[in-house]
Each structure stands twice: as C-alpha cells, then as structure tokens.
1. Between a first residue in the range 57-74 that is within 14 Å of VAL95 (Cα to Cα) and open to solvent by 30 Å² or more (accessible area, probe 1.4 Å) and a second residue that is in a strand (DSSP E or B) and modelled with pLDDT under 95, which pairs have beta carbons less than 8 Å apart while being 6 or more apart in sequence or on different chains?
2. Of all residues in the range 75-86, how many are farther than 19 Å from VAL48 by Cβ, open to solvent by less than 50 Å² (accessible area, probe 1.4 Å) and either in contact with a helix residue (DSSP H, G or I) (Cβ under 9 Å, 6 or more places away or on another chain) or of a type in the set (A, V, I, L, M, F, W, C) (or both)?
3. Can you name the residue in the range 7-56 that is in contact with a Leu (Cβ under 9 Å, 6 or more places away or on another chain) and of a type in the set (A, V, I, L, M) and, of all such residues, is most open to solvent (accessible area, probe 1.4 Å)?
4. Mind telling me which of the residues VAL5, VAL22 ends up being at pLDDT below 80, aliphatic (A, V, I, L, M) and closer than 30 Å to VAL80 by Cα?
5. Any residue in the range 37-60 that is modelled with pLDDT of 75 or more and farther than 21 Å from SER77 by Cβ?
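The values are calculated or read from the model by the stated rules, or taken from the named source; none is laboratory data. Since this is a predicted model, take the numbers as computed values, not measurements. In this analysis, Cβ positions are derived from the backbone assuming ideal geometry, glycine residues included, and neighbour counts consider all displayed protein chains. Calculation scope for accessible area: heavy atoms of the full protein, side chains included, ligands and nucleic acids excluded. Shrake-Rupley method; radii C 1.70, N 1.55, O 1.52, S 1.80 Å.
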Amino acid sequence: MVQRVYDHANSRQVADIVNQIVSQFDGNTGSLTLATSGTTTTVTNAKVMQGSRIFLQPRTAAAVIANAFVLSVSKGSFVVQHSAGTAERKFDYAVFDI
C-alpha cells in the first residue's frame with residue numbers, strides 16, 4: 001500500500017514514497033509472441049497475482065487480427081486465448097494490481 005506524503009519538505013518521506021511507487025511498476029511489463037502450435041499461450045511473470053489486470057497491446061499487424069484475450073490469471077502467470085496462425089504475432093503487456 002502506497003503511503004501519502006504528509007510533509008512535502010521531508011525529503012526522506014518523499015523519497016520513500018517515490019521508491020514504493022517505482023517498485024510497483026518494476027517488472028510489470030513485457031512482451032510475448034503467440035504460439036503457432038495451438039490457440040493458447042501461457043506467459044510467466046512473477047509480478048502476476050490472482051487479481052491482476054493484464055493489458056495487451058498488439059505490436060504486429062498479424063497480432064491485431066489474432067482475436068487475443070486474457071483467458072485466465074493465476075499467481076505467476078496468465079494465459080492468452082487466440083486464433084491459430086502462422087504469422088508472427090507479437091504483443092506487449094502490462095500487469096496492474098488493484
């Protein structure tokens with residue numbers, strides 16, 4: 001849980017809170033290439049928790065039409081459901097915890 005800055009003149013308090021915010025985003029992004037041998041791709045990331053929200057961003061034209069969505073989320077990984085295909089379909093992703 002991120003704390004509030006109560007004393008803006010207290011540089012130690014401000015630094016601690018900024019470091020907490022930065023640590024929340026460290027390792028929360030990545031990239032993936034959809035599997036061509038099936039219709040699901042599992043992505044492993046230690047920052048993923050059961051309640052995480054995963055956001056996908058297509059990076060190739062073939063990725064745009066892959067009908068990809070996050071099928072399931074569990075501690076340490078998530079599964080992307082997608083159509084079968086042979087073209088390279090790359091995505092970037094971001095993990096957010098609420």
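1. Between residues of the range 57-74 that are within 14 Å of VAL95 (Cα to Cα) and open to solvent by 30 Å² or more (accessible area, probe 1.4 Å) and residues that are in a strand (DSSP E or B) and modelled with pLDDT under 95, the close pairs are GLN57/ALA94.
2. First pass over the range 75-86, keeping only residues farther than 19 Å from VAL48 by Cβ: 83-86.
With open to solvent by less than 50 Å² (accessible area, probe 1.4 Å) added as a condition, the list becomes 83, 85.
When the remaining residues are screened for being either in contact with a helix residue (DSSP H, G or I) (Cβ under 9 Å, 6 or more places away or on another chain) or of a type in the set (A, V, I, L, M, F, W, C) (or both), the result is 85.
Going through the range 75-86 one residue at a time, the tally reaches 1.
3. If we filter the range 7-56 for residues that are in contact with a Leu (Cβ under 9 Å, 6 or more places away or on another chain), which is where we start, we get 32, 40-41, 43, 56.
With the extra rule that they be of a type in the set (A, V, I, L, M), the set shrinks to 32, 43, 56.
Working: LEU32: 14, VAL43: 13, LEU56: 46 Å².
Selected residue: LEU56.
4. On the way: VAL5 fails: closer than 30 Å to VAL80 by Cα.
Just a single option satisfies the conditions, and that option is VAL22.
5. So in the range 37-60, the residues modelled with pLDDT of 75 or more come out as 37-60.
Okay, now just the ones that are also farther than 21 Å from SER77 by Cβ, so 60.
Yes.
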